[in-house]
Amino acid sequence: MTGSLRGFFLAALVLVLIVGTGVLQSWNSALLILNMGLVSAIMALGVNLQWGFAGLFNVGVMGFVALGGLAVVLVSMPPVPEAWRAGGFGVLAGLALGALTIAAAALAYTRFARRWRGWAVAAILLAGFFLYRAVFDPGVAAVESVDAAATGYLGGLGLPVLLAWPVGGLLAAGAAWLIGKTALGLRSDYLAIATLGIAEIIIAVLKNEDWLARGVKNVIGLPRPVPYEIDLQNDPGFVERAAGFGVDPTTASTLTVKFGYGLLFAAVLIALLALAQLALKSPWGRMMRAIRDNETAARAMGKDVTRRHLQVFVLGSAICGIAGAMMTTLDGQLTPGTYQPLRYTFLIWVMVIVGGSGNNFGAVLGGFLIWFLWVQVEPIGQAVMGAVTAGMADGTWLKTHLQESVQHMRLLTMGVILLAVLRFSPRGLLPER
Amino acid sequence: MDLLNAFVALANFVLVPAIAYGSQLALGALGVTLIYGILRFSNFAHGDTMAFGTMVAILVTWGFQGAGIGLGPLPTALLAIPFGIAGAAALVLATDRVVYRFYRAQKAKPVILVIVSMGVMFVYNGLTRFVIGPDDQRFDDGARFLINARQFRELTGLEEGLAIRSTQALTVVTAVIVVAALFWFLNRTRTGKSMRAYSDNEDLALLSGINPDRVVRVTWLIVAALATIAGVLYGLDKTFKPFTYFQLLLPIFAAAIVGGLGSPLGAIAGGFVIAFSEVGITYAWKKVLGHALPQGLEPDGLVQLLSTDYKFAVSFVILLIVLLFRPTGLFQGKSV
């Protein structure tokens, strides 16, 4: 019983913090924190599925989040017909050839006699690679030369943006399946290093494959699931209602838009949380935890540990992909240059560990709390540093340096929080029951 | 067809950079592999340990440069390395005392230690950025080239030039000395032997009276030294940027795993395997092939297998291949 009381108190604390931000700073920033908090909570749910349920160490969250972002572009942006005409066939044929090559190599590896298969696989891969480049490269060049300043990419499918959220989950699940197939079943650190690698590669692909999503030129102006501020402001009915509440139309429109996002995100979070809770309480969840706590015993009971690990790894990554798609929708743009592992992978880990690994509510709570801290550490740090440097003469190098370095306090604070929780309260704020 | 020119071009663009980069990776991977062998976890904070040690060395270098102390043609940073090592050693020993020792006493699972090292990584990263900032820093001085392309061409009369930067030569020389000293230490001294014994079988080592605290302390000292030297050499060769050092984690781990985690010899081999593949696959072979192939067969394109932006993909693919087909690595490291 004390557990749920504690959860209630902590949830109330988060509410107070967010409402406090609204009262003290502005309601716009409060809603911003709330929205990103919702997204962070979903990411933390995904990581908690992998770590809390199954004890899998995934440090590639950033990659899966970015794949979700890519899904938004691929699904919701209008297609660029000229680019499709110019090089769409080349690009698709090239990709198909690449996939065929890998499939053929895998087939050769299983079918050929042991003596020859090394050479056969190497020959297939080499020939396939050059064929792929020969078809793919001209296609890419053609696509990227179509009005490079505005498009220069194939565009998306022009479907409703909400459809991109599940698609983001599917993309992330696909990538996770590939990684899981190779690295699961080996020692636990290998999965960590493999996921660290795939995340870097996904970001590299997003940055460099301009035909896909314009690379570092960014895709801006993604369609929205909620109305635009400017349309609201031009709607006389809305202006009238805003006046009724005593708010000016500009503020009212920004608040309404953010609130709309908040509702959508909250719906997704509640659905996923309910599913995660059901999974945890089901025989499947108990089996997962049994595997986590004693793999050998579970194996002896006839559980296929590697397959179950693969399953939960794919599911958790899919949730991260969904959250990534939601985040990109909220931003309204895909900017591959802004994906940083410290922000998108390790921060999520801090959320899960601080919240309480193995407890879904803990992960959600950690998501809100740590996101709040992440946002607010900077102003707090600035205030602290202001107090520390108050006695120093203006313009001395130490004072300027200290004040400029405040922004790096975030990483330090997060690291210290993570270490302190791991040491003194390793089960987190809301321990697993 | 001109094989001599082809070889010189190959040496200039592939062999020399890859050997220098491989030496830096090997030193980094040695640190990772030692921690893995003796403390039994993958240290995610290694890249940031390198960054911290290098940062201390850079600050001292700037001090020396300001005071007019230098080594003539050699970079002043060499003089600052001992200070960098001292800084990094103080940091890792303090971390071990405050953080890792607790989990060792608890006999925590390796994956918990990995997560702890992630927290440590955050802290180191924050510290480094706090002191020196997130930007590029240059700190090399002294002679730029051992031999530059023009001199080489005049010397040999060949069409292609071969430039060897002094930092590249220095990297290789330092790495050879450091590795020789490390192997001498591990194989010949009492402390080194006790470290190997501890790594092979902890219980047996404890029974034969080896002091575990001392082994751990010495390991951290060596790791701090290796990390700082690798970091300073990398910074001299390229530039110093905290985030780049964090990203080095991937090739370094790939090198250590390819060689076999826990095997020092493997770490060195792995470093060179990764470096040569990375440079070889991202290099545009047009020039070399143009010289090597008979006339009329020269390639039209750049003959670059992958753009340099995908260099992480190379170490990653090698890592995957090794994990799939030989999970203990080339040199049969441990697999716990």
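Before moving on, here are some points about what is shown:
- In the range A:168-193, burial by the other protein chains removes 20 Å² or more of 1.4 Å probe accessible surface, compared with the chain on its own, from A:T182, A:L186, A:R187, A:S188, A:D189, A:Y190, A:I193.
- Mean separation of Cα contacts under 8 Å (6+ apart) over length of chain A, as relative contact order %: 30
- The lysines whose alpha-carbon is closer than 27 Å to the alpha-carbon of A:K207, local same-chain residues fewer than 8 away aside, are A:K181, A:K217, B:K238, B:K241, B:K286, B:K311.
- Rel. contact order, % - alpha carbon contacts under 8 angstrom, at least six apart, the range A:93-146: 46
- Residue with peak Gaussian network fluctuation, chain A [Cα springs, cutoff 10 Å], from A:E378, A:E229, A:E404: A:E404
- Chain A contacts chain B over a buried accessible area of about 4500 Å², both sides summed; the probe is 1.4 Å and only protein chains count.
- Stokes-Einstein D for chain A, Kirkwood Rh over Cα pairs, 37 °C, 0.692 mPa s (µm²/s): 137
- With contacts taken as Cα pairs under 8 Å at a separation of at least 6 residues, the range B:3-325 carries a relative contact order of 33 percent.
- Cβ-derived FRET efficiency at R0 56 Å, A:Q407 paired with A:D137, nearest 0.05: 0.85
- Seen against the Cα atoms of chain B and their longest principal axis, helix B:212-237 is set at about 20 degrees.
- The range A:94-179 shape via C-alpha gyration tensor axes, a/c threshold 1.5: oblate
- Whether the range A:134-256 is rounded, prolate or oblate, judged on the alpha carbon gyration tensor where a/c under 1.5 counts as rounded: oblate
- Cα gyration tensor, the range B:127-253 - rounded (a/c under 1.5), prolate or oblate: oblate
- Heavy-atom accessible area, 1.4 Å probe, ligands and nucleic acids excluded: residues of the range A:338-367 down by at least 20 Å² from chain alone: A:Q340, A:P341, A:L342, A:F346
- Taking the helices alone, chain B has a mean residue ellipticity at 222 nm of -22500 deg cm²/dmol, built from -39,500 (n - 2.57) per DSSP H run of at least 4 residues and averaged over all its residues.
- Here is how the number arises for chain A: DSSP H runs of 4 or more residues each give -39500 (n - 2.57), the sum is divided by the residue count, and the result at 222 nm is -24500 deg cm²/dmol.
- Across peptide B:317-330, the mean count of Cβ atoms from other chains lying within 10 Å of each residue's own Cβ comes to 3.
- GNM on chain A, alpha-carbon springs under 10 angstrom: the most fluctuating residue among A:L163, A:L398, A:L24 is A:L398.
- Surface composition of the range A:361-409: carbon plus sulfur atoms hold 68% of the accessible area, using a 1.4 angstrom probe and ignoring ligands, DNA and RNA.
- Peptide-level mean, for A:406-416, of C-beta atoms on other protein chains within 10 Å: 6
- Once the 1.4 Å probe is applied to the protein heavy atoms, chain B comes out at 40 Å² accessible per residue.
- Just so you know, the Rg over Rh for the protein assembly as shown is 0.97, from Cα atoms, with Rh as the Kirkwood radius.
- The accessible-area ordering, largest first, of the residues B:D136, A:D137 stands as B:D136, A:D137, per a 1.4 angstrom probe.
- Across peptide A:417-424, the mean count of Cβ atoms from other chains lying within 10 Å of each residue's own Cβ comes to 5.
- Counting only protein chain heavy atoms and rolling a 1.4 Å probe, the accessible areas of B:V179, A:V91 rank, largest first, as B:V179, A:V91.
- Size of chain B as Cα extents on the principal axes (Å, biggest first): 69, 55, 37
The values are calculated or read from the model by the stated rules, or taken from the named source; none is laboratory data. Given the structure is predicted, the values throughout are model-derived calculations rather than measurements. We place every Cβ from the backbone using ideal geometry, glycine too, and count neighbours over all the protein chains shown. Quick note on the areas: whole protein, heavy atoms, side chains included, nothing else; ligands and nucleic acids left out. Shrake-Rupley method; radii C 1.70, N 1.55, O 1.52, S 1.80 Å.
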